[in-house]
């Protein structure tokens, strides 16, 4: 399919090009909704569609007013501060617990490995609405509902499976004799961990942390139930905005969040290449 | 660990020649077992903090939900004496309980009204039989002014004639045990009556239909994802690595973009005054008056969720197709197969594991979706999750929310068990 041979029949040629067109349309479907909000966020009017001025590339049709609104509106600013207060702490918790557990799980002999793995991965599998419902019931029993700590703990729990999966994947290629070599040269377990093991698995740990961060940063269902007005995050503010009075500021926020995803995607790709190089594979 | 040469062990006259020992004289078997135990312990110590953390912050809430879906302590807590008296009463007799029950009810309600718990009991019982909430409110208001001597059968019937019906007392008796299947029956559109379990009247059945619709919409979304994802994965696997990696960005960027960003994009695109409708009007395909309604209905949910879940279909399909050697198809063609036969009989069967993995993953994710249907689904495009959220935050019928949640959870667990059998839980890959 990749290249059309010179002897291809007319039918094969027609099929080749129509298949490519179909694929092109599907790619368009995937990327178009994300690309279309970028120009719309610079709309000078409060419309959700392209105005005549915009289509004519008239500078008067474009403005930064929705971005200005985002950076000056106290509601959005508070939401952004809350998001940045919750996500890093949840990430730190998820990453430190998750990395330790992944190292434990990758030992050769772990009793009840599959049962433990099932429990640790479960926050990723259980539908968010069920996690949110259970946490709402349980956290209101123990007085954590509507508190900052409650939201952080919940987000950390949701982020751990990603850390476990990424770190375990890096540990698969980890040469255990390096640890033994360090120990035989007199390093204690803590030194061995930080000087030998950590530098080699750091790409996995960082990408796990990024996953945990984005899980918390994007999460809306759990915070919607567990949080009170004081924990209103960016996704929550977007959710209420979309449900009640839809304002074009949302498009400005969405464009900024697309920019964040692009940065994250780039970092992850660089990490993946570095990890493969460290493990002696040629990055593709 | 230093072991002696097996040949040297039979030099010692008082040692069993069969047993290998380490240098310090401990049998090798014992020493190995000890080392193994130490290793297991070390692994468990490393895992323990996270395991405890997840058990407390995540597993305990799920267990709490399971408990709440059957828990029903409220009747016996609010009306302890009445429940005791009713234990000897038989609703089959066709007569209301005697004076003892009314005296007990008076004493219980007197306490309940002081603690203001009678209205909660009323709303709880109202889920099972309508009219109970107002009955308890009304009785509660009047009971404060009643003397113990006034607590007669006639006086209660005078407050509300419902106290004179067998059904009221039967409901009280039926829901006095601390464990009830009532929420689950409600979740399946059934009810517990004097004659046992039966279906609710036609016009009150909503949940079975909602479950059916959740299933139907999830299946539709899974099939559209497969239909759109298969060609893309096929193309990506066939292209040389360089161009495939470039095109992969088009799949990964949506995958990494916030769910709410993508939902808002669709909300903007699909509106009647939105970009798609404007474009269609401009091309003349649709008249200005006949703008398409694509949002706040099932169409909106299906389009937006297909877009959101498509990467979850493409990625597993791609990773399976990448491992299929092109020489099989070439061999088939050299043996005289047409393009179609080579694809259908040789290539396609090898992609079935990828289809299975992708389809189950998308289905599991779709069946529990809440945000997107809530924002673009209107009334006929919503899922069972939206009903659960409604019962938690609006109707406050937490027991029913828990029961619906447990049913959904069981469905997901079952699907995940299948997924584990096909793909394996350890083979989950990200990005």
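Residues are listed down the side, and each one gets a yes or a no for (1) within 7 Å of chain B (Cβ to nearest Cβ); (2) under 22 Å from residue B:309 (Cα atoms):
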site	(1), (2)
A:10	no, no
A:14	no, no
A:17	no, no
A:24	no, yes
A:34	yes, yes
A:39	no, no
A:43	no, no
A:46	no, no
Exercise. Out of the residues in the range B:81-96 that are in contact with a helix residue (DSSP H, G or I) (Cβ under 8 Å, 6 or more places away or on another chain) and in a helix (DSSP H, G or I), state the one that is surrounded by the most Cβ atoms within 10 Å (Cβ to Cβ).
Key: B:82
Exercise. Identify all residues within the range B:141-154 that are buried (at least 16 other Cβ atoms within 10 Å of the Cβ) and in contact (Cβ under 8 Å) with a residue 40 or more places away in the chain; write none if there are none.
Key: B:146, B:151, B:153
Self-check item: Criterion (within 18 Å of residue B:229 (Cβ to Cβ), over 23 Å from the mean Cα position of the chain (by Cα) and in the same structural domain as residue B:221 (by TED's automatic domain parsing)) met by exactly one of B:364, B:324
Solution: B:324
Practice problem: Only one of these is at pLDDT 90 or above, surrounded by 21 or more Cβ atoms within 10 Å (Cβ to Cβ) and closer than 20 Å to residue B:367 by Cβ: B:223, B:218. Name it. | Solution: B:218
Quiz item: Regarding residue B:185, is this residue within 14 Å of chain A (Cβ to nearest Cβ), free of Cβ contacts under 8 Å to residues at least 40 places away in the same chain and buried (at least 16 other Cβ atoms within 10 Å of the Cβ)?
Solution: no
Practice problem: Could you check, for the range B:243-255, whether at least one of its residues is away from chain A (no Cβ under 14 Å), assigned to a helix (DSSP H, G or I), touching a residue at least 24 places away in the same chain (Cβ under 8 Å) and surrounded by 18 or more Cβ atoms within 10 Å (Cβ to Cβ)? | Solution: no
Quiz item: Can you tell me which residues in the range B:271-302 are modelled with pLDDT of 90 or more and surrounded by 21 or more Cβ atoms within 10 Å (Cβ to Cβ)?
Solution: B:300, B:301
Quiz item: Is it true that some residue in the range A:5-22 is surrounded by fewer than 19 Cβ atoms within 10 Å (Cβ to Cβ) and under 21 Å from residue A:239 (Cβ atoms)?
Solution: no
Practice problem: Collect the residues in the range A:183-200 that are surrounded by 16 or more Cβ atoms within 10 Å (Cβ to Cβ) and assigned to a loop (DSSP other than H, G, I, E, B), keeping them in residue-number order. | Solution: A:187
Self-check item: Of all residues in the range B:330-377 being within 12 Å of chain A (Cβ to nearest Cβ) and not in a helix (DSSP H, G or I), the one that is surrounded by the fewest Cβ atoms within 10 Å (Cβ to Cβ)
Solution: B:338
Quiz item: Of A:33, A:5, A:39, A:88, which residue is within 21 Å of the chain's Cα centre (by Cα) and within 30 Å of residue B:232 (Cα to Cα)?
Solution: A:33
Exercise. Can you confirm whether the range A:92-106 contains a residue that is more than 7 Å from chain B (Cβ to nearest Cβ) and either part of a loop (DSSP other than H, G, I, E, B) or within 16 Å of residue B:65 (Cβ to Cβ) (or both)?
Key: yes
Quiz prompt | Hits in the range A:47-79 - residues which are within 28 Å of the chain's Cα centre (by Cα) and surrounded by fewer than 18 Cβ atoms within 10 Å (Cβ to Cβ) | solution = A:64, A:67, A:68, A:69, A:71, A:72, A:73, A:74, A:75, A:77, A:78
Quiz item: If you check residue B:235 against the conditions, is it in contact with a helix residue (DSSP H, G or I) (Cβ under 9 Å, 6 or more places away or on another chain) and either farther than 22 Å from residue B:298 by Cβ or at pLDDT 90 or above (or both)?
Solution: yes
Self-check item: One residue from A:144, A:224, A:153 being in contact with a helix residue (DSSP H, G or I) (Cβ under 7 Å, 6 or more places away or on another chain), outside any helix (DSSP H, G or I) and at pLDDT 90 or above
Solution: A:144
Quiz prompt | Wholly enclosed helices (runs of 4 or more DSSP H) of the range B:97-165 bearing at least 2 residues under 39 Å from the mean Cα position of the chain (by Cα), closer than 20 Å to residue B:73 by Cα and at pLDDT 85 or above | solution = B:99-115, B:118-126, B:132-143
Practice problem: For the range A:231-250, name all the residues that are more than 7 Å from every other protein chain (Cβ to nearest Cβ) and part of a helix (DSSP H, G or I). | Solution: A:231, A:234, A:236, A:237, A:240, A:241, A:249
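The values are calculated or read from the model by the stated rules, or taken from the named source; none is laboratory data. Source: prediction; values computed, not measured. Cβ sites come from the backbone with ideal geometry, for glycine too, and all protein chains shown count toward neighbours.
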